[in-house]
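The values are calculated or read from the model by the stated rules, or taken from the named source; none is laboratory data. Quick caveat, the model's predicted, so the values are computed rather than measured. When we count neighbours, we look across all protein chains shown, and the Cβ atoms used for this are built from the backbone with ideal geometry, even at glycine.
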Amino acid sequence: MDVQKIGIGIFVFLLHSYAMFGQNKNVQTYSYPPIQNYSDQEYDSYIQNWDIAQDTSGIIYVANVGEVLEYDGVRWQAIQIENNRALSIRRGSDNKIFVGGVGSFGYLEKPPADTSIALKYHSLVPAIPDSGSKILNIWNVITHKGATFFDGGEALYNEKNDAINIYKPKNAFRRSFKVRDEIILSDTGEGLYTVENNSLVPVPNSNQFIDRDVNAMLPHGDDSWLVADRTEGLSVFDGTHLIPLESTVDGFLVNNKVYTGIQLPDDSYLFGTLNGGIVQVDQAGRLLRKIDSESGLASDQVHSLFLDQANNVWVALGNGLSVIEPMNPISYLDERSGLPGTVIDLTVFRNDLYAATNEGLFRLDIKQKKSSASPNTQFEPLFDQSIRCNSITQYGDNLLINCDNSLYQISEGKAVKLFESSSVQFVQAYHRDKNIYLVLGRSRLQVFDASHKLVFSDEEFGYEISSLIEERDGDVWVGTIQSGVFRIESTFFDSLMNFENFLHHYEVPHDQENRSLRVSNISGEAVIGSSAGLYHYDAAGDSLIRDPRFGEEMADPERQIFLMEEDAEGNIWVRSNREHQVLLKEKDRYRFAEAGLKRIDANQVNRIYAHESGLIWMATDDGIIQYDPSKDPYLQGNPPEPFKTHVRGVYVRGDSLINADLKNEGYELEYEDNELRFQYAAAQYKEPSATRYQVWLEGFEEGWSDWTSEVQKDYTNIPEGDYTFHVRARDVYGTVSKADTFSFAVLPPWYRTWWAYALYVLLIGGILYGIHRVRINRILREQRIRNRIASDLHDEVSATLSSITYFAQAIRQVPDEQQADRFVSLISESASEAKEKITDIIWSIDPEKDDWIDLLSKCRRFASDLFESKDIAYELDIDTDIDQPLDLELRQHLWLIFKEMTVNAARHSKADKVKVIFEMEGNLLKLVVQDNGQGIQQSSGKREGKGIKSIRNRAEQIKADLQLETEEKRGTKWTMALRI
């Protein structure tokens with residue numbers, strides 16, 4: 001045997017003393033971390049995945065057998081690459097995502113805009129110098145000092161600054177690794193090489209690897225390498241010797257074909273195999289846990305392991321993807337550990353963890369083993385049948401457990417039945433007197449001595465018990481459901497007589513909906529938890545009073561407190577409001593914290609157990625939850641960096657905006673595009689279903705929205721203006737991410753643009769000018785009307801008045817009385833005629849007469865009075881229901897035309913019958929005046945009379961068609977048609 005190798009092995013063993021997953025004092029449990037699986041249906045691509053990477057913003061990229069998958073924490077997106085086959089993927093120092101595939105390699109270019117989601121693949125194959133070699137499968141991508149190496153088996157391609165160098169092996173590169181700051185290549189039959197100064201340099205003493213099928217090479221200690229191969233399992237290479245670790249997992253790694261491995265921040269290792277899933281080991285090679293398809297992994301065929309920024313391990317599998325959290329302070333002992341059913345109570349006795357469940361009593365050896373033998377990772381049942389076990393207590397050198405109303409003693413690793421006792425709920429050792437112990441049930445309280453002989457029984461103490469503790473001074477407190485709490489004085493146990501004199505009953509001074517009270521032993525004193533906060537015993541008043549010693553949160557009367565457990569450091573572990581908290585002891589006060597405990601999600605917790613190792617165990621309805629405070633960064637005051645939330649899509653009426661090639665030069669939206677949908681995602685992968693989001697559209701909303709699980713937000717009818725959309729997320733631990741923003745502007749509608757306002761000015765100016773012109777025209781028109789009226793007064797009235805004056809002068813000059821009477825009659829007729837003309841003119845300019853009813857009514861009255869005075873038969877067909885506009889000038893012309901026509905028919909035609917029609921036919925106004933008189937005599941060269949000229953002149957002014965039909969001794973017919 002090589003003595004030097006043995007010495008080095010002992011040195012390595014001593015150098016790498018281990019802390020088993022943060023657990024100390026020689027305690028080790030093979031618990032299972034949280035696991036999240038993604039099937040091919042969820043990411044909508046091929047089932048086989050080969051490699052995983054992450055960019056600086058937290059987005060995950062997966063080398064899928066058919067494409068590259070991108071995952072932002074909410075949505076999956078496929079990115080097509082050359083030859084549609086991705087086998088390896090890695091992020092470069094410039095945040096490019098380099099991809100190796102089948103017969104090709106290249107990179108995904110990340111656009112400068114952080115909110116953009118459009119990545120484009122660029123092939124590097126055209127940049128390869130003409131080497132005459134065919135590119136094979138690129139199974140590994142390594143980034144190193146600004147360069148990227150693509151392992152193609154028959155060649156290693158080195159890309160830097162868009163130039164590619166090629167390294168050729170003597171035989172073939174089997175695998176390539178990056179260990180610390182070195183690139184290591186395994187050349188079949190030649191040993192190991194490293195890349196130095198653009199050349200391959202043999203690794204000293206690497207001939208020991210020639211016959212090794214090495215598949216993982218990782219840092220070990222300060223200078224050594226941990227090697228995993230399918231020949232020997234695990235070994236350590238110190239630069240000179242390759243020393244077997246003789247690990248408990250060697251056989252597993254060999255038989256199941258170890259394929260990949262990574263080192264975790266706690267210096268433990270994960271190794272993935274092609275047939276058996278994953279194992280986690282410490283630096284000495286001892287098994288910490290096994291994770292396979294039976295324990296929740298999506299597949300046992302592991303292609304690669306990737307540690308993301310939050311210490312989640314992504315697993316690329318032959319069938320799907322998995323995310324495991326080996327660094328999470330929470331892990332599980334459940335059916336996968338051989339522990340079925342609901343755990344009701346638990347305790348640690350000697351080297352074993354005991355769990356009482358509704359399916360029996362189970363035991364797990366938790367002492368850390370130093371031998372190379374395979375450890376026991378499964379609970380061992382202590383009964384060969386399913387029975388309900390309730391409470392466990394240590395009594396002397398044994399354990400007492402009540403199961404199915406029988407009391408058992410664990411002696412020499414076996415369960416021995418002591419006796420039966422109906423309705424047993426609790427068994428409690430009495431520490432003040434080690435010779436007795438208590439048994440409580442729903443119908444009695446019993447005391448037994450060390451020989452298990454009944455020494456006291458009270459058959460009337462029958463309550464549903466919730467808790468039982470012994471104070472430092474020996475008083476025993478019993479919590480019940482809906483019956484308050486009881487205190488049994490310690491002096492009772494001295495005599496075991498007059499029980500009722502030593503029994504005291506208390507209620508909390510609060511009206512509770514749930515009156516279940518639980519008593520906890522905190523620093524040797526009873527503390528009562530209720531649905532209305534904490535209470536403790538006040539000896540002076542012999543009553544329960546509110547307990548403020550544990551901080552404001554625990555004194556809140558709205559807080560429901562179910563369980564409290566004090567650890568060896570004085571910290572208090574609490575279950576309240578259906579969640580978990582810790583009260584950290586700090587000198588004379590407690591600091592309330594939730595930390596990683598917020599991740600605990602259990603419907604029912606029956607017991608909290610604080611072990612001396614620092615581990616906290618919770619007995620739940622689905623096994624045991626294990627919490628390791630030393631692994632909780634929140635509890636250690638060293639929370640991880642806030643994760644990032646991203647605006648991943650902005651859509652205008654269904655069309656993407658951020659992919660519209662706007663290049664962040666300012667997003668300006670037309671007013672009709674003021675309906676937006678924002679999609680966003682938080683790049684955090686610890687229980688992503690519990691992530692909540694807040695949004696705020698600055699400029700549109702006053703502040704942040706409520707927290708919600710929605711991953712998109714719609715806005716409609718956004719007014720014109722400048723806006724910034726903000727989004728942030730809160731993870732399951734309550735950590736709030738940095739906000740991402742997206743700024744844009746909504747342009748005003750065309751009718752509120754500058755040119756529209758200029759148009760408005762011109763339009764309003766034009767309208768005002770038009771109004772001015774209309775007013776001027778109206779004034780001019782009124783002036784014309786006045787002039788015409790003046791002319792009419794002059795023409796129509798002036799001559800008549802002149803005649804009256806002439807006739808008056810004639811009367812003075814005529815001596816004949818008869819002749820004077822004639823002139824008087826002429827004066828009277830002229831005056832009547834002048835009055836009539838003046839009345840007509842006044843009527844025509846009266847604004848209150850500006851409607852058809854007044855005009856046509858006047859025409860009807862005038863015609864009927866006229867014809868009746870002349871004893872002429874007449875027929876009037878005058879339509880008074882005309883719905884057309886009628887202005888002053890038109891009204892006057894129509895009236896005078898009508899009057900002239902009817903007067904001519906009545907006074908000059910010598911007719912005995914006249915027919916008058918004044919009506920609307922569609923939009924045509926028709927006036928007909930027809931008589932059966934002598935007609936109008938028209939001789940050659942004779943000028944028309946004054947009345948006919950007036951009718952023609954006025955018809956021409958209103959643009960009416962006028963026809964005169966007359967025949968001597970056959971009458972006259974006037975026809976006027978006016979389109980209105």
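Report whether or not His580 is outside the structural domain of Val711 (by TED's automatic domain parsing), at pLDDT 95 or above and either surrounded by fewer than 19 Cβ atoms within 10 Å (Cβ to Cβ) or within 28 Å of the chain's Cα centre (by Cα) (or both). When the stated conditions are applied, His580 passes them.
Evaluate the range 171-188: report whether one residue or more is aliphatic (A, V, I, L, M), surrounded by fewer than 19 Cβ atoms within 10 Å (Cβ to Cβ) and within 21 Å of Asp51 (Cα to Cα). Among the residues of the range 171-188, at least one is aliphatic (A, V, I, L, M), surrounded by fewer than 19 Cβ atoms within 10 Å (Cβ to Cβ) and within 21 Å of Asp51 (Cα to Cα), which makes the answer yes.
For the range 318-358, filtering for residues that are under 13 Å from Gln36 (Cα atoms) and either touching a Cys at 6+ places or on another chain (Cβ under 7 Å) or of a type in the set (A, V, I, L, M, F, W, C) (or both) leaves 3. Gln425 falls short on exactly one of the conditions (1) at positive phi; (2) under 58 Å from the mean Cα position of the chain (by Cα), and that condition is (1).
Listed here are the strands (runs of 3 or more DSSP E) enclosed by the range 499-549 that have at least 2 residues being among the aromatic types (Phe, Trp, Tyr) and within 23 Å of Glu489 (Cβ to Cβ): 533-538. The residues in the range 342-355 that are over 18 Å from Ile616 (Cβ atoms) and at pLDDT 95 or above can be counted, and the count is 1.
Remark: pairs (first residue in the range 870-888, within 17 Å of Gly922 (Cβ to Cβ); second residue surrounded by fewer than 10 Cβ atoms within 10 Å (Cβ to Cβ); Cβ separation under 8 Å; 6+ apart in sequence or on different chains) = Gln884/Asn923. Count of the range 254-270 residues, restricted to those that are buried (at least 21 other Cβ atoms within 10 Å of the Cβ) and closer than 13 Å to Ile324 by Cα, is 1.
Quick check on the range 538-556. Is at least one of its residues in contact with a Lys or Arg (Cβ under 8 Å, 6 or more places away or on another chain), among the charged types (D, E, K, R) and at pLDDT below 95? So far as the range 538-556 goes, yes, one or more of its residues are in contact with a Lys or Arg (Cβ under 8 Å, 6 or more places away or on another chain), among the charged types (D, E, K, R) and at pLDDT below 95.
Candidates are the residues of the range 192-247 that are over 50 Å from the mean Cα position of the chain (by Cα) and of a type in the set (Ser, Thr, Tyr); the one that is farthest from Tyr259 (Cα to Cα) is Ser199. In this entry, Asp238 is excluded by the filter for residues that are farther than 26 Å from Ser295 by Cα, surrounded by fewer than 22 Cβ atoms within 10 Å (Cβ to Cβ) and without any contact (Cβ under 8 Å) to a residue 24 or more places away in the chain. Counted as qualifying within the range 428-484 are the strands (runs of 3 or more DSSP E) with 1 or more residues that are free of Cβ contacts under 8 Å to residues at least 12 places away in the same chain, namely 454-458. A single member of Ala63, Ala78 is in contact with a Leu (Cβ under 7 Å, 6 or more places away or on another chain), surrounded by fewer than 21 Cβ atoms within 10 Å (Cβ to Cβ) and not assigned by TED's automatic domain parsing to the domain that holds Leu321, and it is Ala78. Within the range 960-980, the only residue that satisfies the criterion of being surrounded by 12 or more Cβ atoms within 10 Å (Cβ to Cβ) and on the phi > 0 side of the Ramachandran plot is Gly971. Taken over the range 52-66, the criterion of being over 18 Å from Ala681 (Cβ atoms), of a type outside the set (Val, Ile, Thr) and modelled with pLDDT under 95 is satisfied by Gly66 alone.
Filtered by the rule that a residue be touching an Asp or Glu at 6+ places or on another chain (Cβ under 7 Å) and either under 20 Å from Tyr30 (Cβ atoms) or without any contact (Cβ under 8 Å) to a residue 24 or more places away in the chain (or both), the range 580-595 gives a lone residue, Lys585. Residues in the range 639-648: is at least one touching a helix residue (DSSP H, G or I) at 6+ places or on another chain (Cβ under 8 Å) and among the hydrophobic types (A, V, I, L, M, F, W, C)? There is no residue in the range 639-648 that is touching a helix residue (DSSP H, G or I) at 6+ places or on another chain (Cβ under 8 Å) and among the hydrophobic types (A, V, I, L, M, F, W, C).
Conditions tested, residue by residue: (1) touching a Lys or Arg at 6+ places or on another chain (Cβ under 9 Å); (2) part of a strand (DSSP E or B); (3) within 28 Å of Arg778 (Cα to Cα).
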position: Lys899; (1), (2), (3): no, no, yes
position: Ala905; (1), (2), (3): no, no, no
position: Gln937; (1), (2), (3): no, no, no
position: Lys959; (1), (2), (3): yes, no, yes
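Applying the condition of being out of contact with any strand residue (DSSP E or B) (no Cβ under 8 Å at 6 or more places or on another chain) and not hydroxyl-bearing (Ser, Thr, Tyr) to the range 493-513 and asking which residue is modelled with the lowest pLDDT yields Glu513.
Within the range 491-502, not a single residue is touching a Lys or Arg at 6+ places or on another chain (Cβ under 7 Å), surrounded by fewer than 18 Cβ atoms within 10 Å (Cβ to Cβ), over 22 Å from Arg546 (Cα atoms) and among the hydroxyl-bearing types (Ser, Thr, Tyr).
Within the set Asp229, Asp266, the sole residue that is in the same structural domain as Val302 (by TED's automatic domain parsing) and under 19 Å from Gln301 (Cβ atoms) turns out to be Asp229.
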